[in-house]
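Novice: Let me begin by handing over the structure; questions about it come next.
The values are calculated or read from the model by the stated rules, or taken from the named source; none is laboratory data. Keep in mind the model is a prediction, meaning the values are calculated, not measured. Using ideal geometry, Cβ is built from the backbone for each residue, glycine included, and neighbour counts are taken over all protein chains shown.
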């Protein structure tokens, strides 16, 4: 199986990120994505994941250690304290789909097609299945995982797999980056709370949310409270 090559910066947006072109092994893709994360953290983000037409074959020549390393860098993306924006153009599968699923906002070009990677009639059983089920629910994810179905951009928007469909991905990306610029910090915390919500009930989640609120209060300038006089 093969996949696209990230580059260290997205040329169109001038932002730290990765773009898809050509074919590279999973291990090399993991290194390049790791470098993009480091650049986004250094520059203050956002991290842009721009994907152009890729085959539905993945992960290429790899062993389970490579898969584990790839998953570790995806977890780094999920925990990075900058906004993460994915843009998909054409076919979105393999590493393009896996990185899109860890993004905070997903922009799809009108020609985008989204499906799980497969080769020789077998669908890749990586953590992409877990993330799809988290996003779509097991019932909706099943047609992609069991039947190997492919979604158009309009279908992906309808089920919430992408956040917007556009004929001008670059303009949509610029608008999202501008909106993200109005926020400062706390991205990793809010993302973690949302990701954990599906697997925790209210009582289990309360302590984590209270801790996050306490940390947020310490970061925000608050007016000095003057004791009231009776």
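Novice: In segment 27-49, how many residues are in contact with a strand residue (DSSP E or B) (Cβ under 7 Å, 6 or more places away or on another chain), surrounded by 20 or more Cβ atoms within 10 Å (Cβ to Cβ) and either more than 23 Å from residue 187 (Cα to Cα) or at pLDDT 90 or above (or both)?
Specialist: Result for segment 27-49: 9.
Novice: Quick one: in segment 57-94, of everything that is surrounded by 24 or more Cβ atoms within 10 Å (Cβ to Cβ) and part of a loop (DSSP other than H, G, I, E, B), which residue is nearest to the chain's Cα centre (by Cα)?
Specialist: 93
Novice: Next up: Name the one entry in 160, 148, 199 that is assigned by TED's automatic domain parsing to the domain that holds residue 87, surrounded by fewer than 14 Cβ atoms within 10 Å (Cβ to Cβ) and outside any helix (DSSP H, G or I).
Specialist: The unique qualifying residue is 160.
Novice: Continuing with this model, one more query. Being in a helix (DSSP H, G or I), surrounded by 15 or more Cβ atoms within 10 Å (Cβ to Cβ) and at pLDDT 90 or above is the requirement here; does residue 154 meet it?
Specialist: Judged against the criteria, residue 154 is not a match.
Novice: Also, I was wondering about something else. Take the residues of segment 163-186 that are without any contact (Cβ under 8 Å) to a residue 12 or more places away in the chain and assigned to a helix (DSSP H, G or I): which is surrounded by the fewest Cβ atoms within 10 Å (Cβ to Cβ)?
Specialist: 178
Novice: Given the criteria in the same structural domain as residue 69 (by TED's automatic domain parsing) and closer than 23 Å to residue 71 by Cα, does residue 121 qualify? Don't jump to the end; show me each part of the working.
Specialist: Values: in the same structural domain as residue 69 (by TED's automatic domain parsing): yes; closer than 23 Å to residue 71 by Cα: no.
Spelling it out, it is not the case that residue 121 is in the same structural domain as residue 69 (by TED's automatic domain parsing) and closer than 23 Å to residue 71 by Cα.
Novice: Exactly one of these conditions fails for residue 99: (1) modelled with pLDDT under 95; (2) assigned to a loop (DSSP other than H, G, I, E, B); (3) touching a strand residue (DSSP E or B) at 6+ places or on another chain (Cβ under 7 Å). Give me its number.
Specialist: Of everything listed in (1) modelled with pLDDT under 95; (2) assigned to a loop (DSSP other than H, G, I, E, B); (3) touching a strand residue (DSSP E or B) at 6+ places or on another chain (Cβ under 7 Å), residue 99 misses just condition (2).
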